[in-house]
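Below: the structure, in structure tokens.
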Amino acid sequence: MLVVFCPCALVLATPTAIMAAIGNATRHGFLVREGDAIERLAQVRRVCFDKTGTLTTGEPQVVAVCAGEKDVSEDALLAVAGAAEKRSEHPLGRAIVAAATEHAGAAPKDPTSFAMVPGRGVVAEVGGRTVYAGSAALLAEHGLAIPDALGRRVDATRAEGATITYLGWGDTAAGFIALADRVRENATATLSAVWETGVEPVLLTGDHEAAAAHVAAELGITTYKAACLPEDKLSFIDDSERAGKGVCMVGDGVNDAPALKRACGHRHGRRRQRYRRRRGGHRARER
């Protein structure tokens, strides 16, 4: 009888509810491209978060400068690092340049030559020598050794949640610079709200294990995956969906784009939908 006497109301009820939900989401800063995205949210059992720029402010700051066994002071190490990173567009590089500028009272000198190594760091010529600034993998690729004593200091610093940028020239590392990022003020409340809905928050980050573990512990996240490349995030999402756990991905970086597209989609070959929190800017590749 309801179908016979109220066919128009039944036909209009669902699209009206969907449009109202999309309008409400827009007022909260979320853009929804298609109505079926709202329906698929009900299937979500995991919300995966990127770290840098999503759960954290994305504005790292230098918290420590450590010189190694070479005859170089911490001030000189910071000056060399600032010059090597002068042309870098990476958040870590910009933070190092800012710290060097503040410490010296003037901007670092421009490097004679400069090259970005995606996912690794930079290679620059500073003061007539080739300087490598970035990850341990960058130094290893160019035959630079990391002394054991310096490695132990790195481990202790990483345990506090810092990200490490190594500095080296010749055949050994000259030291490292530690940087730390602050957790967003509303991150804890957001994750608590996610837990309360019965959905599990997950941390997927390109940062190293210690930094990921530190942030996960601070925010009460029990499942996390560190040192993720874009394909690693895709693999985690695929595995979750095969296990029957729908995934929503939240991120703001170029590295997150494939995961954003893959998440929250139907299996069995149907088109997938992505959700993004509306934010300005984007993040470069993590080292």
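The values are calculated or read from the model by the stated rules, or taken from the named source; none is laboratory data. None of the values given here were measured: they were computed from a predicted structure. No Cβ is skipped: glycine too gets one built from the backbone with ideal geometry, and neighbour counts run over all protein chains shown. Just the protein is used for accessible areas: all its heavy atoms, side chains included, with ligands, DNA and RNA removed. Shrake-Rupley method; radii C 1.70, N 1.55, O 1.52, S 1.80 Å.
Can you find a residue that is in contact (Cβ under 8 Å) with a residue 24 or more places away in the chain, part of a loop (DSSP other than H, G, I, E, B), of a type outside the set (A, V, I, L, M) and open to solvent by 40 Å² or more (accessible area, probe 1.4 Å) anywhere in region 102-111?
Yes: region 102-111 contains one or more residues that are in contact (Cβ under 8 Å) with a residue 24 or more places away in the chain, part of a loop (DSSP other than H, G, I, E, B), of a type outside the set (A, V, I, L, M) and open to solvent by 40 Å² or more (accessible area, probe 1.4 Å).
Looking at Leu191, Leu138, can you tell me which residue is more than 16 Å from Ala64 (Cα to Cα), touching a residue at least 12 places away in the same chain (Cβ under 8 Å) and more than 19 Å from the chain's Cα centre (by Cα)?
Leu138
Kindly evaluate Gly53 against the criterion of being open to solvent by less than 40 Å² (accessible area, probe 1.4 Å) and touching a Ser or Thr at 6+ places or on another chain (Cβ under 9 Å).
Judged against the criteria, Gly53 is not a match.
Could you tell me which of the residues Ala212, Ala227 is surrounded by fewer than 21 Cβ atoms within 10 Å (Cβ to Cβ) and in contact (Cβ under 8 Å) with a residue 12 or more places away in the chain?
Answer to the selection: Ala227.
Among residues belonging to region 245-274 that are among the small types (Gly, Ala, Ser), more than 10 Å from Cys48 (Cβ to Cβ) and modelled with pLDDT under 85, point out the one that is farthest from the chain's Cα centre (by Cα).
Result: Gly269.
Restricting attention to region 41-88, which residues are outside any helix (DSSP H, G or I) and basic (Lys, Arg)?
Answer for region 41-88, where residues must be outside any helix (DSSP H, G or I) and basic (Lys, Arg): Arg45, Arg46, Lys70, Lys86, Arg87.
Considering region 156-181 alone, what residues qualify as being in a helix (DSSP H, G or I) and without any contact (Cβ under 8 Å) to a residue 40 or more places away in the chain?
Ala156 - this is the single residue of region 156-181 that is in a helix (DSSP H, G or I) and without any contact (Cβ under 8 Å) to a residue 40 or more places away in the chain.
Among the listed residues Val97, Val32, identify the single one that is in contact with a Ser or Thr (Cβ under 8 Å, 6 or more places away or on another chain), among the β-branched types (Val, Ile, Thr) and farther than 30 Å from Tyr132 by Cβ. Please lay out each step first, then the result.
Working: Val97 fails: farther than 30 Å from Tyr132 by Cβ.
It is Val32.
Got a sec? Which of Asp238, Asp155, Asp148, Asp171 is closer than 30 Å to Arg45 by Cβ and either of a type in the set (Asp, Glu) or within 21 Å of the chain's Cα centre (by Cα) (or both)? Even if it seems obvious, please write down each step before you answer.
Details: Asp155 fails: closer than 30 Å to Arg45 by Cβ; Asp148 fails: closer than 30 Å to Arg45 by Cβ; Asp171 fails: closer than 30 Å to Arg45 by Cβ.
After ruling out the rest, the residue left standing is Asp238.
Every residue, every condition in (1) open to solvent by less than 30 Å² (accessible area, probe 1.4 Å); (2) modelled with pLDDT under 95; (3) farther than 19 Å from His214 by Cβ; (4) aliphatic (A, V, I, L, M), yes or no:
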position	(1), (2), (3), (4)
Gly121	yes, yes, yes, no
Ala124	yes, no, yes, yes
Gly128	no, yes, yes, no
Val131	yes, no, yes, yes
Leu138	yes, yes, yes, yes
Ala145	no, yes, yes, yes
Asp155	no, yes, no, no
Ala162	yes, yes, no, yes
